[in-house]
Amino acid sequence: MRFFLSLLALAPCSVRAAEPVDYRKDIKPLLQERCYACHGALAQKGKLRVDSGANLLKGGAVVPGMPDTSELVLRVVSDDDAQRMPPEGHPLKPEQIAKLKAWIAQGAKVPADDAPEPDPRDHWAFRAPVRPKMPASADRSTQNANPIDAFVTVQRQKHGLTPVQPADRGVLLRRVYLDLIGLPPTAAQTDAFVKDTSPDAYEKVVDQLLASPQYGERWGRHFLDIWRYSDWWGLGSELRNSQRHIWHWRDWTIESFNADLGYDEMIRQMLAADELYPTEPKKLRATGYLARSYFLFNRTSWLDEVVEHSGKGFLGLTLNCCKCHDHKYDPIKQADYYQFRAIFEPYQVRTDVVPGEPDVTKAGIPRVFDCNLDAKTPFHIRGDERNPDKDRVVDPGLPQFLAAGGLKIAPVQLPAESHEPLRRAEIAETYRVVVETRLKESKAALAHAEVVASRGAFQSWRVLPARAAHTAAVKERDALDAAMRDPKSAPASYRGAVKSAESNVEDAKSQGRPFPNTSTGRRTALANWIADAKNPLTARVAVNHLWVRHFGVPLVPSVFEFGRKGALPSNPELLDWLACELVNPQYRVGSRAKSWSFKHLHKLIVTSNTYRLSSSAAGADANAQIDPENKYLWRMNPVRMDANTVRDSLLHLAGDLDLAQSGPPVPMPQQEASRRRSLYFFHSHNEHNKLLDIFDNANVLECYRRSESIVPQQALALWNSKLAQTMAAKINDQLHARLKDADDTRFVTAAFETVLGTSPTKDELAACLTALAELRTELKTAPPAEQTKRVRLQVIQALINHNDFVTVR
């Protein structure tokens, strides 16, 4: 390849000089893709800048009319690794080099209005959002309506698009049920809504759904995807990733969404509850977010994940790009990466005892704490942990272009109940029950040994071990008493035993040591900065996640990349308006909303006319030609149900869904028989439910947006799986009991309304009636009642396999 490129440098251009090369079309995009990272606004290596024709000519790398002697050409065709440009990735393609040479040969002409790329610090996502004024739309119906409609209408009008009609009321009800609680409405609920002609009928339904306990399960699961929730995994029973009992964090998430806890407060609790609320176990559960990233074998791998996914999940920034070198697109330096890591350097994971169970392997709350307060953060040369810069000191910090004032870090003095667990009465009582039981048992054993020994010779040997055991129990009781009075005065061996029982800290340096009475305050400073209303990224990233889960497509397609490498928002004014409304709500929908309220935005979105449009493109050929991807929302997007919703809907429609909330996950061997919602299943990198996997269950390593595949196994699972067959039979039994004497037309109509939430079309009804008649001929020897029930079951199974069952229209 190198030899070929060397020859190419001497060969005539493959593009004839008579064929003009377009700078905007052929040259500038090439330079932008392969050269800007090192020679653009962000960096000018070798004092060369190529992001405009003027800069390129000024730098002397291009000599108009002389391609073979221009430094730019010589560098891109060089076979010397130290000289070839670009230094990373594959060389330029022969046709790209040919066009570059032809452009230079033709005089290196540049349009007069060619401008350099803007300052990277002025990127749209790095500027704090400012609430846009409500657009003056030509559509008078939107002037005093939902602001979302006003912003969307402007975009439609700009592109000559006309919205389709509103969705059928039954379709809309199914859509909003599945969106907000992840379960479809029953036929009775649909019927009641369709018959309710009051002006606020839909709003009442929305309020009921947002107040439902199932709302927190639905939206908690969405954000647990983003936050990479996973049960622990390892080799056999060995803990290598995540934590045992991480489900406490899952329950905290569900409860937080149901309580409409502000998103800013969620961030603070997940990153720093141990510093902000050190004596509140319910809030300490939130730090399971950081406990989840635990990795047994390598601290660097552990903290690499924390840095990467904190950046992606909260800020929409790919900080991980900077581990080995300065960011190629955003103004983030390699030093910024290690300063960000330094914020987390001192933290470790421990499992706190829960009342009533001293064994943390059986029960306990995994939470974080700053363990090694003086831990140093290494700076890895070229990102290689085997090659640290031993002379470099890394202090905690943030990328300067986002936080010019730096982090405001203040150490946190922890209360005694936090670092001396026996000061908590309920924990001390848990240990006391164990100690008193052991003391009682040893006393009884000693008494029994003394009685046996008194009955005859050669029995005295039984007394000594029993008296050793009883004496140990007494000492343990006394040590506990001492520890409760003053943990520092307890025997060192007992303090170590309590520390071991209270914690599963894997750091060998930490085993047996008292918990520190101070925390660095670094994570509190980070949490406050991320959750600050002035942070330009946090609210935008959050509303984008809400939007994609309501509309099927995000406002910013690159959901975890809001930097310059990411995509532009399809409706930037709407994105910024929603971000400002999340932080400081001004538009009233029902009761006055509080800051950072997700429920407020949910209601804004689902009560908009845009959300309530039909998803059908029938009769909208002109729209489809202008905007085939529905980028400007002239209709609703049909979306495939996620894996959890598919399974949960089957159980719900059959009346078999167990709505019990919280608690330990359902282990793999019990999942087939379990009727609990899918988010309560044990789910890790090693162990995951096969049925859910078929429908693209969350990847525990990274899942900022679930994928939507269409594979034959999905249809096979909905027809042949034990769950699908069992639920179909139960749905059929219920309909058969209610409509035993009804004709096939009435049954088919009821089946459609139950399974799909809509009535059959004329053609669908005819097809079902024909199929039932054919099936009866195959079962003509069966008793009539059995025959009817069996053939109708085939209709239910067919509807479960209908595309409209797994699609949110």
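The values are calculated or read from the model by the stated rules, or taken from the named source; none is laboratory data. Owing to the predicted nature of the structure, the values given are computational and were not obtained by experimental measurement. Every residue, glycine as well, gets a Cβ built from its backbone with ideal geometry; the counts of neighbours run over all protein chains shown.
Within segment 353-381, work out how many residues are surrounded by 22 or more Cβ atoms within 10 Å (Cβ to Cβ) and either assigned to a loop (DSSP other than H, G, I, E, B) or not hydrophobic (A, V, I, L, M, F, W, C) (or both). Of the residues in segment 353-381, 5 are surrounded by 22 or more Cβ atoms within 10 Å (Cβ to Cβ) and either assigned to a loop (DSSP other than H, G, I, E, B) or not hydrophobic (A, V, I, L, M, F, W, C) (or both).
Of the residues in segment 688-696, at least one is modelled with pLDDT under 95, in a loop (DSSP other than H, G, I, E, B) and either at positive phi or not aromatic (Phe, Trp, Tyr) (or both). Within segment 357-368, residues that are of a type in the set (Asp, Glu) sit with their Cβ atoms under 8 Å from residues that are modelled with pLDDT of 90 or more, at 6+ positions apart or across chains, in these pairs: 357/363; 357/364. Remark: pairs (first residue in segment 183-199, not assigned by TED's automatic domain parsing to the domain that holds residue 753; second residue in a loop (DSSP other than H, G, I, E, B); Cβ separation under 7 Å; 6+ apart in sequence or on different chains) = 184/757; 185/757; 190/757. Would you confirm, using the coordinates I've provided, whether residue 128 is without any contact (Cβ under 8 Å) to a residue 60 or more places away in the chain and under 44 Å from the mean Cα position of the chain (by Cα)? Taking the combined requirement at face value, the residue does not satisfy it. Does segment 592-600 include one or more residues that are buried (at least 20 other Cβ atoms within 10 Å of the Cβ), at pLDDT below 95 and part of a loop (DSSP other than H, G, I, E, B)? Checked segment 592-600: at least one residue is buried (at least 20 other Cβ atoms within 10 Å of the Cβ), at pLDDT below 95 and part of a loop (DSSP other than H, G, I, E, B).
Note on segment 228-287: among residues that are part of a helix (DSSP H, G or I) and among the acidic types (Asp, Glu), the one that is farthest from the chain's Cα centre (by Cα) is 275. Annotation: residue 321 fulfils all but one of (1) in contact (Cβ under 8 Å) with a residue 40 or more places away in the chain; (2) of a type outside the set (Ser, Thr, Tyr); (3) under 21 Å from residue 394 (Cα atoms); the unmet one is (1). Here residue 614 does not qualify as crowded, with 17+ Cβ neighbours inside 10 Å, of a type in the set (Ser, Thr, Tyr), modelled with pLDDT of 95 or more and more than 21 Å from residue 167 (Cα to Cα). Return yes when residue 544 is part of a loop (DSSP other than H, G, I, E, B) and at pLDDT 95 or above and no when it is not. So residue 544 does not fit the description; no. Within segment 447-454, identify whether any single residue is buried (at least 16 other Cβ atoms within 10 Å of the Cβ) and not assigned by TED's automatic domain parsing to the domain that holds residue 360, and answer yes or no. There is at least one residue in segment 447-454 that is buried (at least 16 other Cβ atoms within 10 Å of the Cβ) and not assigned by TED's automatic domain parsing to the domain that holds residue 360. Answer yes if at least one residue in segment 293-300 is surrounded by fewer than 24 Cβ atoms within 10 Å (Cβ to Cβ) and assigned to a strand (DSSP E or B), and no otherwise. Yes.
Restricted to segment 755-787, and to residues that are part of a helix (DSSP H, G or I) and surrounded by 20 or more Cβ atoms within 10 Å (Cβ to Cβ), which residue is farthest from the chain's Cα centre (by Cα)?
Filtering segment 755-787 for residues that are part of a helix (DSSP H, G or I) and surrounded by 20 or more Cβ atoms within 10 Å (Cβ to Cβ), the one farthest from the chain's Cα centre (by Cα) comes out as 768.
Reported count of residues in segment 604-624, each being within 15 Å of residue 175 (Cβ to Cβ) and in a helix (DSSP H, G or I), is 2. You will find that of 407, 402, 422, 398, the residue that is crowded, with 17+ Cβ neighbours inside 10 Å and assigned to a helix (DSSP H, G or I) is 422 and no other. Checking 228, 218 one by one, the residue that is touching a Gly at 6+ places or on another chain (Cβ under 7 Å) and modelled with pLDDT of 95 or more is 218 and no other.
Taking the criterion of being touching a helix residue (DSSP H, G or I) at 6+ places or on another chain (Cβ under 7 Å) and assigned to a helix (DSSP H, G or I), the residues of segment 25-67 that qualify are 26, 27, 30, 38, 39, 45, 53, 67.
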